[in-house]
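This report concerns only the one structure given below.
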Amino acid sequence: MKAVRLSSRKTIAVQEVKPVQPGPGEVAIAPDYVGLCGTDLHVFLGQFEERVPYPAIMGHEFSGRIAELGQDVGDFKIGDRVVVDPVFPCGECPLCKAGRFNNCLDLEVLGIDCAGALAERVVVDAANVLHLPGSIKPKHAIMAELYSVAVHSLRITSIETGDVVVVLGAGRLGLSLLDVMRHTGAVKVIAVDILSSRLAVAGDLGADFAVNPRNTDPVEKVMELTDGLGADKVIEAVGQAKQVAGRKPPMATALDMLRPGGQITAMGQGDAEEPFCWRPLVLKEASIVSSRLNLGDMPRAISLMAAERLTPQKIITHTITPDQVQHGFEMMHDHPDNVIKVVVDMSEWSGS
């Protein structure tokens, strides 16, 4: 079968690979659409080489159709349209037994630790497969995974009615957070990013205020908007931060704009070390939590999408074919000002 493979750092090609067959409890899925996410970009750039051996088949955000069934797979049928939760826990370690599947000690993530969806077929455990409601377009369904990450994060953040919330970073993750956050009780939502084009999308997704640190001090602006108190919650979704003259790194900025007793939720996975002074955190008696992947939150995300409460069409900006994946990653890296979410249309392979 054909697959899009990363053969070395920044080098992708369509290649023939050995076909995969589903075993007991597994199904084979023919992907219709595959999303390229920020983690995929990190893998493409070679930043996951200690975890992702070459050649690698990426792709963990996707929608598709059941192509083949293994034994004992429940009510799935050939042709069913589905999405997949890409978090594969072992189920046996202490954290799994405590219900913390996203922190499994032997965790595998589809497209990172095992072959992903950028292929004619991908085999997954049927327990991770969810039916796709007919009201959700297959192209939009690739966002279910990212929205599930947002749902999980917002549950951890525990936004209360009347909260002022700041989202640092208006990339793929930050915009997904804003899309879901519209259905919380936040009374004032402030988006912060260095790209004005992304801040415009943030406004379309419900942000009440958009702040560009290149033009405005985000801490001063938050203090102005909160009468000097600070934000109740700050979500750090920056990832790979770009230094802006006169501005502190993301976590330090988050702490400066946080009110006493407030909470920071860390989500960005940039690899740069950031100096941090704990004294202001203690004096504010504030807290820092983090959010990783999702914890069974995909059904909630799918429900929101099926009810047309979310707007993936505002985040998806580009559609490409399998032989354009190299170009897709290059666009994401080189032109973040006008490229947000890139989706691979797999129809020429799946026949959909």
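Laid out as a table, the results:
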| item | result |
| --- | --- |
| Among 205-214, 162-171, the order from most to least packed when residues are scored by Cβ within 10 Å on average | 162-171, 205-214 |
| For the chain, the Rg and Dmax computed from alpha carbons only, in angstrom | 20.3, 62 |
| J(HN,Hα) series, segment 9-15, from Karplus relation 6.51 cos²θ - 1.76 cosθ + 1.60, nearest Hz, glycine and proline x | 4, 6, 10, 10, 8, 7, 9 |
| Segment 17-58 versus segment 108-155: alpha-carbon centroid distance in Å | 12 Å |
| Cut-off 12 Å between beta-carbons: net charge of the residues surrounding LEU175, Lys and Arg +1, Asp and Glu -1 | +2 |
| Total lysine pairs whose alpha carbons fall under 22 Å of each other in segment 150-290 (8 or more apart, or interchain) | 10 |
| Percent of beta bridges antiparallel (DSSP, the chain, rounded to nearest 5) | 55 percent |
| Sparse-neighbourhood loop sites, GluC sites (Glu not before Pro) in segment 201-288 - DSSP loop, at most 13 other Cβ within 10 angstrom | GLU273, GLU285 |
| Relative contact order [Cα under 8 Å, 6+ residues apart], the chain, whole percent | 19 percent |
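Quick note: the coordinates plus some simple rules give every number you see, no bench work behind them. A quick note: this is a predicted structure, and the numbers were derived from the prediction, not measured. Please note: Cβ atoms are built from the backbone with ideal geometry, for glycine as well, and neighbour counts cover all protein chains shown.
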